[in-house]
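The values are calculated or read from the model by the stated rules, or taken from the named source; none is laboratory data. The model shown is predicted, which means the values in this text are computed figures rather than measured ones. Here Cβ is always computed from backbone atoms with ideal geometry, including for glycine, and neighbour counts include all displayed protein chains.
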Amino acid sequence: MTSGESQSLQELHARCTAELEKVRRELGEIEALLRQTSNEVEKLQQRELTVSNRLRDLEVNIDKYSKADIKNFFSSAQEVQMRLLTMRGQLEQLQFRQETAKNRMSLLHELATALEPLLGMSAPGASQQASSGDDLIANIIQAQEKERLRISLQMHDGPAQSMSNLVLRAEICQRLLDKDVEMARAELSALKTAINATLQDTRHFIFDLRPMILDDLGLVPTLRRYVQQFSDKNKIEVNLMVQNMDARLPNHYEVAIFRFIQEALNNVAKHANATEARVLLDSAAGQIHVSVQDDGSGFHVHDVLGEGSERRNMGIATLRQQVETLLGGEFGIESTVGRGTRVAAVIPLP
């Protein structure tokens, strides 16, 4: 290598290192904004819940309020809803920027690491190993925060909203007891039905978070129940085929495989516009084969997995991480526009 080439490589390495440090700072700033925005969204969700309760009370006791009060209530509700919508949009943008910055940082790190042996720098392997460990910790923390945000949004839109409605209906029953016993009895009957519906929704919510039967009965019974609930909820016919899966797997295998299938089916429900799906789980020749296939609209795989489409391929990245990082397996995806999508994994048996 000539001195001119060596100098050019050194300058390139220096620029990569400087850019890498710049992106790290940007990522830190984005993550700080992400935490602030998440907290603001949670506060606005509580305000929205409070305003919704006041509006329901207004509907029940509208004669007690003046026109000015009614106008103020609806103005406040509209303001909170618009603010919440805006902040949720900002949260999605920050999450997209965070993912983009992480990808840039990864590429810059790979380039800097590749240049180090050419420049005669020592111990590139140790540096890469340390950085990989840091990236793994960062990915774990990021995944935890995303999951907490998802749970908080589901709790707000699901059980919390339903329980707020139950409290208001109970108050209506209490008022009716002094006025019309028959109406109170009818309202109590309707309240009982609403409580049962909320209880079932809460059980489904708990099952999605962590199905207890996964520990008690294993992967296959859990999948059969989940697939049935998924089909009923999303009106998508799912055919589950299980072969050679008589023996239990280690707990972390069963959890990871269940989450893989759960995430794949969620993607079908959100994006595929499918009417049917097929889930295959098979054990053969020391490997576990898992696949989820749908008859939906499909897409161009290279476009979705290409650079600049991070927002669209986050679900696919999650599937890949679950298989390759957690279980040391291989992940693949096939899709054709108008003919559906198939995601598959081959996992070595423990």
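Just a yes or no: is a residue in region 251-258 surrounded by fewer than 16 Cβ atoms within 10 Å (Cβ to Cβ), modelled with pLDDT under 90, outside the structural domain of MET155 (by TED's automatic domain parsing) and out of contact with any Pro (no Cβ under 7 Å at 6 or more places or on another chain)?
Yes, some residue in region 251-258 is surrounded by fewer than 16 Cβ atoms within 10 Å (Cβ to Cβ), modelled with pLDDT under 90, outside the structural domain of MET155 (by TED's automatic domain parsing) and out of contact with any Pro (no Cβ under 7 Å at 6 or more places or on another chain).
Kindly provide the set of residues from region 149-172 that are at pLDDT 80 or above and among the charged types (D, E, K, R), ordered by number.
Once the filter is applied, which keeps residues that are at pLDDT 80 or above and among the charged types (D, E, K, R), region 149-172 yields ARG169, GLU171.
Just give me the residues in region 30-45 being without any contact (Cβ under 8 Å) to a residue 40 or more places away in the chain and within 17 Å of SER76 (Cβ to Cβ), in sequence order.
LYS43
Specify which of the listed residues (SER6, SER76) is within 30 Å of CYS173 (Cβ to Cβ) and surrounded by 13 or more Cβ atoms within 10 Å (Cβ to Cβ).
Step by step, each of SER6, SER76 is checked, and only SER76 is within 30 Å of CYS173 (Cβ to Cβ) and surrounded by 13 or more Cβ atoms within 10 Å (Cβ to Cβ).
Filter region 225-246 down to the residues that are surrounded by 15 or more Cβ atoms within 10 Å (Cβ to Cβ), closer than 27 Å to HIS271 by Cβ and either of a type in the set (Ser, Thr, Tyr) or more than 22 Å from the chain's Cα centre (by Cα) (or both) and list them by number.
TYR226, SER231, LEU240, VAL242 - these are the residues of region 225-246 that are surrounded by 15 or more Cβ atoms within 10 Å (Cβ to Cβ), closer than 27 Å to HIS271 by Cβ and either of a type in the set (Ser, Thr, Tyr) or more than 22 Å from the chain's Cα centre (by Cα) (or both).
Kindly provide the set of residues from region 236-281 that are in a strand (DSSP E or B) and charged (D, E, K, R), ordered by number.
GLU237, GLU276, ARG278 - these are the residues of region 236-281 that are in a strand (DSSP E or B) and charged (D, E, K, R).
Residue under question is LEU33, and the condition is that it be closer than 30 Å to ASN165 by Cα and either in contact with a helix residue (DSSP H, G or I) (Cβ under 6 Å, 6 or more places away or on another chain) or not assigned by TED's automatic domain parsing to the domain that holds GLN93 (or both); does it hold?
Judged against the criteria, LEU33 is not a match.
Any residue in region 73-100 that is not assigned by TED's automatic domain parsing to the domain that holds LEU44 sitting within a Cβ distance under 7 Å of a residue that is surrounded by 14 or more Cβ atoms within 10 Å (Cβ to Cβ)? List the pairs, counting only those 6 or more apart or interchain.
Filtered contacts from region 73-100: no entries.
Check VAL181 against each of (1) surrounded by fewer than 11 Cβ atoms within 10 Å (Cβ to Cβ); (2) within 23 Å of ARG25 (Cβ to Cβ); (3) at pLDDT 70 or above and name the one condition it does not meet.
(2)
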